[in-house]
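Visitor: Supplied in structure tokens, the structure appears directly below.
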Amino acid sequence: MTDVNFTAAAAFDRKLFWEDGDSVRFLVARLKAHRKDDRRPAERAPLNIALVIDASGSMGGGKLEAAKEAALGLAEHLTARDRLTVVSFASDVLVHLDGVAVTTDNAARIRSEISRLQTRGRTLLSGGWFAGVECAAGIAEEDPRMTPHVIILSDGHANDGIVDPEELREHAGELRMRGVLTSCLGIGDGYDEQLLRGIAESGGGRLHDAELTSEISSVLLGELDDIFGTVVEDAQIELIVPTSVRVEVLGRTGSEIRDGRILVPLGPVQNDVERVAVLKVTCPKARLNDELEFALIANGRAVDDRTRLETDTVLVRLIAVDGATNTDQYRDDEIAMIVARTWSAHIVSTAARMNRDAAYNEARRYVERELRHLCRYVEGLDQGREMIRELELLARHAGRQFSSRMRKELVVQSSLAMESRVDRRGMGKAAWSARMERGD
Amino acid sequence: MSDDELTLEELSERTGVEARTLRSWVGEGLLAPPFKPGRGARYPASNADRALAVRALKDLHGLSLSEIGRRFMMATEDQIREWALEAGPTTVSTGSARDYLRRIQTRSATEEPPHRSMEFFAKKAPSSASERPSFKPRFGKPSMESYRRARSDERQAELASIERLILQLERVLEAPAPRRSRGTVWTRISVTPDLELSVRGDLEPRERVLFEQLADQFRAILTGRAKND
């Protein structure tokens, strides 16, 4: 019997819609997991971690050395019950440690194998990743409690093996469904943030960034903390909606519609940290007092004993009303604030993707169009004005190519905002808007 | 609304393939494009069979998307329907992660299997190999060999199809065409989706790598990503 209390809640920002149709309402789904007893770290579930380290030529200049130091630092935080795999990839793939128990006896061997990593060749990311998965999944086959956590550390673009970001994202999703979770740590300014984000989101993990070589260790240990703090893995929201509505999921890649249900993967849920998903619902034409009913249920896997968890079903309704009643209705500002934050992060990450694809004019037009709607929406919200100021800044710059670092800040900071996560690089990192203002 | 047309969401529901993935398959030319682009775009219903066939060929036969594209070019609609039937129910079947990886490995048979680090460093430290007898490469050869055998059978079938096509064309012309064409080997290296580097001749692996590096440099200059790996 699991000792995790896993709950879901759902609410619309407004509960009424105009009978003539095309009203847009936002549904906020909130997930929470609470471990009933505060166990000590020594009692945590054993870990099965695979570090997949880019050793291509560009990792020279101190990056690989810093990654090795980070790997050694991570190993020091593991115990004899944990297993560690270390793989490096360049034009080839090397398995340095294959699911080794992190015992005192093995400490010298772990140190020696990690120290051997050296730069060479191109970036066979897929090969390295799959080799790491193979090792960690082998451990999980022997002991199902050992969920494989694969962490890719890379500073470059996949340019050997499988390089198509969509195909890699698809593999990440398939592996997640088979119990393998993948997080990514992008190093420096040259990595492909969209590729790593796709792998991490579909892989049930997290995207991290280390702008500076000196940040690699703290970010990798931050990922370890995130793993320690996770109580439910591979969480997913299922939503059954009336066929007459149109639904768009804000800010999450990898959502899908299957058998009339909308599935939104949310990945890991940490103890007492609320995760939200925001769905934009466009209502159909209806008769006065017609009701639209939405059913939401969430599921996930308890980290401690791997039991499948399912929340109670939450039902929410929208009611069709005449124009005047619709205009006068109450808006829940707490829900509206969550919507505004997620919507804003969605705009930022979408603009970054368009900019990366050199669609500069489209990006500018997109931000301007969304800004017009968001401006009206945030009226009366506490942080609304600041949000709009940042997006106006983005709109002014979106028509030109962003620096590689700026794109990463946009993607990483919007991911952190949408996933209620801490920036593991430290508190001193400037917001993307501050960087943009100073002309970075 | 016609039964012959489906939205992307309907296609997704029928096939169990994510809308986003379907969109990328349209981009790869595996599925037919929408009748009219834009919001609520509608696609030919035959895309459902094609999507299921892609699923079957990818997941069950371990083929890459480019290989599936080649198969589709030669296949009849009946053949595509047969592959679609192989895809089975639309719910995702979850075998083990390692089974899944094995299927992927057969697709990229040209990739070298991973080495254990002591193999790599054996030249420098021969004694280290004997210290860790427990390391066994998991990406064994049998799957590669069976893959190559399968590829060889497929190639024979494709050549037979081409021979049949030549005979049909000869019947159209009522005589064999004068024999003038001579094949030349070219190595094509993609630089960007719209630009490629073509080099005449069957290149040695080392030569090919050099031209690939040259293409990487061109790509970096053209896309302004000179610092990327």
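Visitor: For the protein assembly as shown, with the dipole built from +1 on Lys and Arg beta-carbon atoms and -1 on Asp and Glu ones, taken about the Cα centre, which of B:TYR100, B:ILE166, A:ALA320 lies farthest toward the positive end?
Guide: Highest projection toward the positive end goes to B:ILE166.
Visitor: Then there's this: Calculate the dipole size of region A:333-437 relative to its Cα centre from +1 charges on Lys and Arg beta carbons and -1 charges on Asp and Glu beta carbons; express the result in debye to the nearest 20.
Guide: Details: 20 positive and 15 negative charges, 118 e Å.
So the dipole magnitude of region A:333-437 works out to roughly 560 debye.
Visitor: Which whole-number value in Å² is the accessible area per residue of region A:66-180, probe 1.4 Å?
Guide: On the way: 3290 Å² over 115 residues.
On a per-residue basis, 29 Å².
Visitor: Of the listed peptides A:195-207, A:345-357, what is their order by residue-averaged count of other C-beta atoms within 10 Å, with the highest listed first? Before the final figure, lay out the partial values.
Guide: Numbers: A:195-207: 26.2, A:345-357: 21.8.
In descending order of packing, they fall as A:195-207, A:345-357.
Visitor: Where only protein heavy atoms count, and the probe is 1.4 Å, what is the accessible area per residue for region B:5-93 in Å²?
Guide: Values: 4300 Å² over 89 residues.
That works out to 48 Å² for each residue.
Visitor: Shape of region A:63-161 from its Cα gyration tensor (a ≥ b ≥ c, root eigenvalues): rounded if a/c is under 1.5, otherwise prolate when a/b > b/c, or oblate?
Guide: Numbers: a/c = 2.19, a/b = 1.32, b/c = 1.66.
Here region A:63-161 falls in the oblate category.
Visitor: Given a Förster radius of 35 Å and the C-beta distance between B:SER96 and A:PHE228 as r, what FRET efficiency does 1/(1 + (r/R0)^6) yield to the nearest 0.05? Display every interim value, and only then the final one.
Guide: Details: r = 26 Å, r/R0 = 0.75.
In this case the efficiency is close to 0.85.
Visitor: Taking the Cα centre of each part, how many Å lie between region B:12-37 and region A:311-365?
Guide: Cα centroid to Cα centroid, the span is 26 Å.
Visitor: With label points built 7 Å along Cα→Cβ from the Cα atoms of B:ALA45 and B:SER161, find their separation and express it in nm.
Guide: 2.6
Visitor: Continuing with the same structure: Normalised by the residues of region A:180-228, what does the relative contact order come to in percent, with Cα pairs under 8 Å and at least six apart? Walk me through the intermediate numbers first.
Guide: Details: 64 pairs, mean separation 19.1, N = 49.
Computed over region A:180-228, the figure is 39 percent.
Visitor: Just give the residues from region A:370-411 buried by at least 10 square angstrom of accessible area in the all-chains context relative to the isolated chain, probe 1.4 Å, and say none if nothing qualifies.
Guide: Output list: A:GLN401, A:ARG407.
Visitor: Let me make sure I get this right: for the protein assembly as shown, a, b and c are the square roots of the gyration tensor eigenvalues over alpha carbons, sorted descending. Under 1.5 in a/c it's rounded, otherwise prolate if a/b > b/c, else oblate. Which is it?
Guide: Numbers: a/c = 1.56, a/b = 1.14, b/c = 1.37.
Oblate, since a/c reaches 1.5 and b/c is not below a/b.
Visitor: Given contacts defined as C-alpha pairs under 8 Å and at least six residues apart, what's the relative contact order of chain A, whole-number percent? Walk me through the numbers on the way to the answer.
Guide: Details: 955 pairs, mean separation 79.7, N = 440.
Once divided by the residue count of chain A, the mean separation gives 18 percent.
Visitor: Within a Cβ distance under 9 Å of A:ALA277, other residues only, what is the Lys/Arg minus Asp/Glu net charge?
Guide: Numbers: positive: A:ARG30, A:ARG252, A:ARG275; negative: none.
Local net charge: +3.
Visitor: For the protein assembly as shown, what % of the accessible area comes from carbon and sulfur atoms, probe 1.4 Å? Let's see the in-between values first.
Guide: Numbers: 15800 of 31210 Å².
Summing carbon and sulfur atoms, their accessible area is 51 percent of the total for the protein assembly as shown.
Visitor: Could you give the angle, 0 to 90 degrees to the nearest 10, between helix A:333-356's Cα long axis and the longest principal axis of the Cα atoms of chain A?
Guide: Helix A:333-356 and the main axis of chain A meet at about 60 degrees.
Visitor: Which value at 222 nm does chain A reach when only helices count, each DSSP H run of 4 or more adding -39,500 (n - 2.57), with the total divided by all residues and rounded to the nearest 500 deg cm²/dmol? Kindly include the intermediate steps, with their values, before the conclusion.
Guide: Working: 12 runs with 161 residues, N = 440.
Estimated from H runs of four or more residues: -11500 deg cm²/dmol.
Visitor: Averaged over its residues, how many other protein chain Cβ atoms are within 10 Å of peptide A:73-85's Cβ atoms?
Guide: Working: counts 0, 0, 0, 0, 0, 0, 0, 0, 0, 0, 0, 0, 0.
Neighbouring Cβ atoms belonging to other protein chains average 0 per residue here.
Visitor: Hey, got the dipole for the protein assembly as shown? About the Cα centre, +1 on K and R Cβ, -1 on D and E Cβ, debye to the nearest 20? The partial results should precede the final answer.
Guide: Numbers: 98 positive and 107 negative charges, 299 e Å.
For this selection, approximately 1440 debye.
Visitor: Using a 10 Å cut-off on Cβ to Cβ distances, tally the other chain neighbours for every residue of B:98-105 and report the average as a whole number. List each step's numbers first, then the result.
Guide: Details: counts 11, 2, 9, 11, 2, 1, 8, 3.
Average per residue, whole number: 6.
Visitor: Using the Cα gyration tensor of region A:333-437, with a ≥ b ≥ c the square roots of its eigenvalues, what is the shape: rounded (a/c below 1.5), prolate (a/b larger than b/c) or oblate (neither)? List each step's numbers first, then the result.
Guide: Details: a/c = 1.82, a/b = 1.12, b/c = 1.63.
The shape class here is oblate.
Visitor: Which links in A:LYS15/A:LYS285; A:LYS32/B:LYS58; A:LYS68/A:LYS408; A:LYS285/B:LYS36; A:LYS32/A:LYS68 stretch past 27 Å when you go from one Cα to the other? All intermediate terms of the calculation are to be shown ahead of the outcome.
Guide: Values: A:LYS15/A:LYS285 16 Å; A:LYS32/B:LYS58 37 Å; A:LYS68/A:LYS408 23 Å; A:LYS285/B:LYS36 25 Å; A:LYS32/A:LYS68 35 Å.
In this structure, A:LYS32/B:LYS58; A:LYS32/A:LYS68 lie more than 27 Å apart at Cα.
Visitor: Still on this structure, I have one more. Mind listing, in residue-number order, the residues in region A:169-193 that have at least 20 Å² less accessible area with every protein chain present than in their own chain alone (1.4 Å probe)?
Guide: Hits at the 20 Å² cut-off: A:ARG169, A:GLU170, A:HIS171, A:GLU174, A:LEU175, A:MET177, A:ARG178, A:GLY190.
Visitor: Could you tell me the accessible area of A:TYR360 in Å² (1.4 Å probe, neighbours in place), rounded to the nearest ten?
Guide: Rounded to the nearest 10, the figure is 60 Å².
Visitor: Another question, then. Leaving out ligands, DNA and RNA, calculate the buried accessible area for the pair A and B with a 1.4 Å probe, summed over both sides, in Å² to the nearest 100. Don't jump to the answer; show the numbers that get you there.
Guide: Working: alone 18530 and 17350 Å², together 31210 Å².
Looking at A and B, the buried total is near 4700 Å².
Visitor: While we're looking at this one, here's another question. Region A:89-134: which residues show an accessible-area loss of 30 Å² or more, assembly versus chain alone, 1.4 Å probe?
Guide: A:ASP92, A:VAL93, A:LEU94, A:VAL95, A:ASP98, A:ARG109, A:GLU113, A:ARG116, A:GLN118, A:ARG122, A:PHE130, A:GLU134
Visitor: Tell me the relative contact order for region B:5-93 as a rounded percent, counting alpha carbon contacts under 8 Å between residues six or more apart. Could the numbers behind the result be given before it?
Guide: Numbers: 103 pairs, mean separation 27.2, N = 89.
Once divided by the residue count of region B:5-93, the mean separation gives 31 percent.
Visitor: To continue, here is another question. Calculate, in nm to one decimal, what A:GLU379 and A:ARG246 gain on full extension: separation in residues at 0.36 nm each, minus their alpha carbon distance.
Guide: Working: separation 133, 0.36 × 133 = 47.88 nm, distance 2.48 nm.
Length gained between A:GLU379 and A:ARG246: 45.4 nm.
Visitor: Which FRET efficiency value, to the nearest 0.05, is calculated for A:ARG317 and A:ASP20 with the Förster distance at 25 angstrom and r the Cβ-Cβ distance?
Guide: On the way: r = 19 Å, r/R0 = 0.75.
Once the sixth-power term is evaluated, E becomes 0.85.
Visitor: Calculate the dipole size of region A:384-440 relative to its Cα centre from +1 charges on Lys and Arg beta carbons and -1 charges on Asp and Glu beta carbons; express the result in debye to the nearest 20.
Guide: Values: 13 positive and 8 negative charges, 44 e Å.
Result for region A:384-440 is approximately 220 debye, rounded to the nearest 20.
Visitor: Farthest toward the dipole's positive end in region A:333-437, which of A:TRP432, A:LEU371, A:HIS346, given Cβ charges of +1 (Lys, Arg) and -1 (Asp, Glu) about the Cα centre?
Guide: With unit charges placed on the Cβ atoms, the residue in question is A:TRP432.
Visitor: Same structure, new question: Could you check the simple spin-label distance between A:THR103 and B:ASP4, using points 7 Å along Cα→Cβ, in nm with one decimal?
Guide: Using points 7 Å along Cα→Cβ, the separation is 7.0 nm.
Visitor: Taking only protein heavy atoms into account and a 1.4 Å probe, give the accessible area per residue of region A:223-352 in Å².
Guide: Numbers: 4970 Å² over 130 residues.
Counting only protein heavy atoms, the per-residue value for region A:223-352 is 38 Å².
Visitor: Could you calculate the contour length gain from A:ASP357 to A:ASP143, that is, 0.36 nm times the residue separation minus the distance between their Cα atoms, to one decimal place in nm?
Guide: On the way: separation 214, 0.36 × 214 = 77.04 nm, distance 4.31 nm.
Going from the current span to full extension adds 72.7 nm.
Visitor: May I pose another question? For the pair A:ARG287 and B:LEU222, what calculated FRET efficiency results from E = 1/(1 + (r/R0)^6), where r is the Cβ-Cβ distance and R0 = 60 Å, to the nearest 0.05? Please list the in-between numbers first.
Guide: Working: r = 57 Å, r/R0 = 0.96.
The formula returns an efficiency of 0.55 here.
The values are calculated or read from the model by the stated rules, or taken from the named source; none is laboratory data. It should be emphasised that the depicted structure is a prediction, and the values quoted were computed from it without experimental measurement. FYI the Cβ positions are ideal-geometry reconstructions off the backbone, even for glycines, and counts take in every protein chain you see. Accessible surface areas use protein heavy atoms only, side chains included; no ligands, DNA or RNA. Shrake-Rupley method; radii C 1.70, N 1.55, O 1.52, S 1.80 Å.
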